[in-house]
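Here is the structure we will look at, set down as structure tokens.
The values are calculated or read from the model by the stated rules, or taken from the named source; none is laboratory data. Every value quoted in this text rests on a predicted model; they were computed, and no experiment measured them. Don't worry about glycine lacking a Cβ; one is built from the backbone with ideal geometry, like all the others, and counts go over all protein chains shown. Quick note on the areas: whole protein, heavy atoms, side chains included, nothing else; ligands and nucleic acids left out. Shrake-Rupley method; radii C 1.70, N 1.55, O 1.52, S 1.80 Å.
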Amino acid sequence: MKTHTLETAGADLVYDVRGPLPTSDGRPPLLMIGQPMDASGFATLASRFPERTIVTYDPRGLGRSVRKDGRTDHAPRTQADDVHAVIEALGAGPVEMFASSGGAVTALAVVEKYPSDVTTLVAHEPPLITLTPDGPAAVRARARVREAYEKRGWGAGMAAFVAMTSWAGEFTDAYFAQPAADPAAFGMPTEDDGSRDDPLLSDRSWAVSGYRPDADAITAAPTRVVIAVGEESEDLLTARTSAAAAELLGQKVVVFPSHHGGFCGGEFGQPGKPDEFALRLRQVLDGAA
């Protein structure tokens, strides 16, 4: 693996390349992106593709990529510009892309703005909450997470986030009538360390979850776009946002093994099924599923 730093006007973007460029198999490089997860979250999945040239990167302001634009928010179109810059720096033409969570939102913005950059995009569980039928309630639930974080710190905010993302179905009055989630019940710290800069729990990534993809631009692009969902996500929020995104694009979701982080090994303490996930991803990229 070789690590590179691409200096742009707004950020110094760090990306990793596993394998040769130009690629040895004649296929495009496979770019894996997340948000707020950085490149470290793709180590397990990348290892399941030893025959491919794999590229991962840290979005601006996350991991090793340093912002120079004076901002703290995470905006899909800005990140799309960064991804485009990385693709250009590779000098290998268009890429195949696997994008997960907020990275899947960025990837859709890439297809909108730079349609010749990506041949195939597998967008895994994009958290586009305003696309769901209960969009206003989902926005309200998101605000409750930020409120818990602002008032009581990281543990309380993360407990509220887990409660939101593990709620099955639409956000009803019963959801909002629940008592505040107890961080101790989830094994999370109850003390407040005073920090309020978490990209997941603050409002810094609201532009990601509130993004409205341009369906006309995406469907007009030459990119083959696949919206993927984990089989264990069932009726949880990111499964519902995935179904809504697929419907917006006039397609059906493609089911993958495991959960929202199903491609991970032990990176974040909740391993998925990386072997099965990689097999499914290979099938989809090959057009066999």
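Descriptive notes on the structure:
- Here THR56 fulfils each of the conditions (1) under 24 Å from VAL284 (Cα atoms); (2) open to solvent by 30 Å² or more (accessible area, probe 1.4 Å); (3) of a type in the set (Val, Ile, Thr) apart from (2).
- Residues (open to solvent by 40 Å² or more (accessible area, probe 1.4 Å) and without any contact (Cβ under 8 Å) to a residue 40 or more places away in the chain) located in the stretch 186-219: PHE186, GLY187, PRO189, THR190, GLU191, ASP216, THR219
- Helices (runs of 4 or more DSSP H) enclosed by the stretch 195-289 - at least 1 residues per element that are over 22 Å from ARG144 (Cβ atoms) and either within 18 Å of the chain's Cα centre (by Cα) or at pLDDT 95 or above (or both): 215-220, 237-248, 274-285
- Here PRO136 does not fit the description of being surrounded by fewer than 22 Cβ atoms within 10 Å (Cβ to Cβ), in a loop (DSSP other than H, G, I, E, B) and modelled with pLDDT of 95 or more.
- Note on the stretch 148-180: residues that are more than 23 Å from the chain's Cα centre (by Cα) and open to solvent by 40 Å² or more (accessible area, probe 1.4 Å) total 10.
- Hits in the stretch 1-42 (condition: more than 15 Å from the chain's Cα centre (by Cα), in contact (Cβ under 8 Å) with a residue 40 or more places away in the chain and assigned to a loop (DSSP other than H, G, I, E, B)): THR8, ALA9, GLY10, LEU21, PRO22, THR23, ARG27, PRO28, PRO29
- Output for the stretch 220-255, where each listed residue is among the hydrophobic types (A, V, I, L, M, F, W, C), in contact with a Phe, Trp or Tyr (Cβ under 9 Å, 6 or more places away or on another chain) and open to solvent by 30 Å² or more (accessible area, probe 1.4 Å): LEU236
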